[in-house]
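Report on the following structure.
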Amino acid sequence: MVYTAKPGQVSYGEAIGIVLIENYAPFIPGDTANATTYTYPVRFCPVKGVTPERLFAHDPQLLPLLAEAVTELQQAGVRAVTGDCGFLAAYQGELSEHFGIPLFLSSLMQIPFISSLIGRKRKIGIITANAGALTKEVFNGIGISKNLQNRTAVIGLEDSDHFVSAVFEENGFLDSSIVERDVVERALHLKNRYPELGAILLECSLLPPYGRAVNNAVGLPVFDYITMIDYVCSAVVKKRYTGEM
């Protein structure tokens, strides 16, 4: 087999690029920002200045910083680019127009797919880092219709003392058992409040490690950043099948 070098590229094999926001919390296995989460190589690109506070405020000045990061990842040879904060949805629409590779910056982009799975009469529960900041501006950035927005039920972790301390205040410590308890409590609250709940979406990139516990607690499909990244990776790097007939 003959291989061809790509201009300016000095490493190969990382199909998925991940834009990392500036957040200094422990990123445990299962987290979007932990390389051991994946069964395939990924390439990280940290971006200074893209903080949770600025994302929650939907700061338009973040757009050029994010564009620079996507450019860097594209030049490094990745086949698709994601991020590690669902609030990047606010920038998805504009950024996706300017790059020749797929962009899927927010876990919230799974909403139409989930909706199709569960039917129009059922709700999608969303567990987010900050419910107050998950406004229509975020949903509009990824083209989520008002009708679909009305079929979501949102609950946040902004009143979880430990999550706030570990993630927002960046105290350097995270007790995964406490976070798991708080996430499961919110999932159960959604299920009890909305009998028509059909699925849970964990918006925050730190929450995939707790998906199994949520799934066991509520008995519903649970989607998160990793379900989305795995799905897109399977599209841009197709499996080669072998076997017998």
What base-10 log of the normalised intensity I(q)/I(0) is obtained for region 107-224 from the Debye formula, alpha carbons as equal point scatterers, at q = 0.09, 0.10, 0.20 Å⁻¹? -0.22, -0.28, -1.08
Of all C-alpha pairs within region 1-82, those more than 23 angstrom apart amount in percent to 30
Sticking with the crude label model, points 7 Å out along Cα→Cβ, report the distance from residue 230 to residue 147 in nm, one decimal please. 3.1
Want the number for residue 38 to residue 71: 0.36 nm per residue separation, take away the alpha-carbon distance, what's left? 9.6 nm
Treating only the Cβ atoms of Lys and Arg (+1) and Asp and Glu (-1) as charged, compute the dipole magnitude of region 92-174 about its Cα centre; round to the nearest 20 debye. 820
So what is the diffusion coefficient of the chain in µm² per second by Stokes-Einstein at 4 °C and 1.567 mPa s, using a Kirkwood Rh over Cα pairs? 70
Name the lysines eligible as straight-distance cross-link partners of residue 239: C-alpha to C-alpha under 30 Å, and not fewer than 8 places from it in the same chain. 6
Roughly what percent of Cα-Cα pairs across region 195-245 reach past 13 Å? 65
Cα-centre dipole for the chain with unit charges at Cβ (Lys and Arg positive, Asp and Glu negative), debye to 20: 1160
Which loop chymotrypsin sites (Phe, Trp or Tyr not before Pro) in region 2-58, with loop taken from DSSP, have no more than 13 other Cβ atoms within 10 angstrom of their Cβ? 3, 12, 24
For residue 146, which lysines qualify as cross-link partners when the Cα separation must be under 18 Å and same-chain residues fewer than eight apart are set aside? 121, 123, 136
What number comes out for the charge environment of residue 23, summing +1 per Lys or Arg and -1 per Asp or Glu over other residues with Cβ under 14 Å away? -4
I want to verify a result. In a Gaussian network model of the chain, Cα cutoff 10 Å, which of these has the top mean-square fluctuation: 118, 126, 144? 118
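No value in this document is a laboratory result; all are computed from the given coordinates. This structure is a prediction, so every number in the text was calculated from the model and none was measured. FYI the Cβ positions are ideal-geometry reconstructions off the backbone, even for glycines, and counts take in every protein chain you see.
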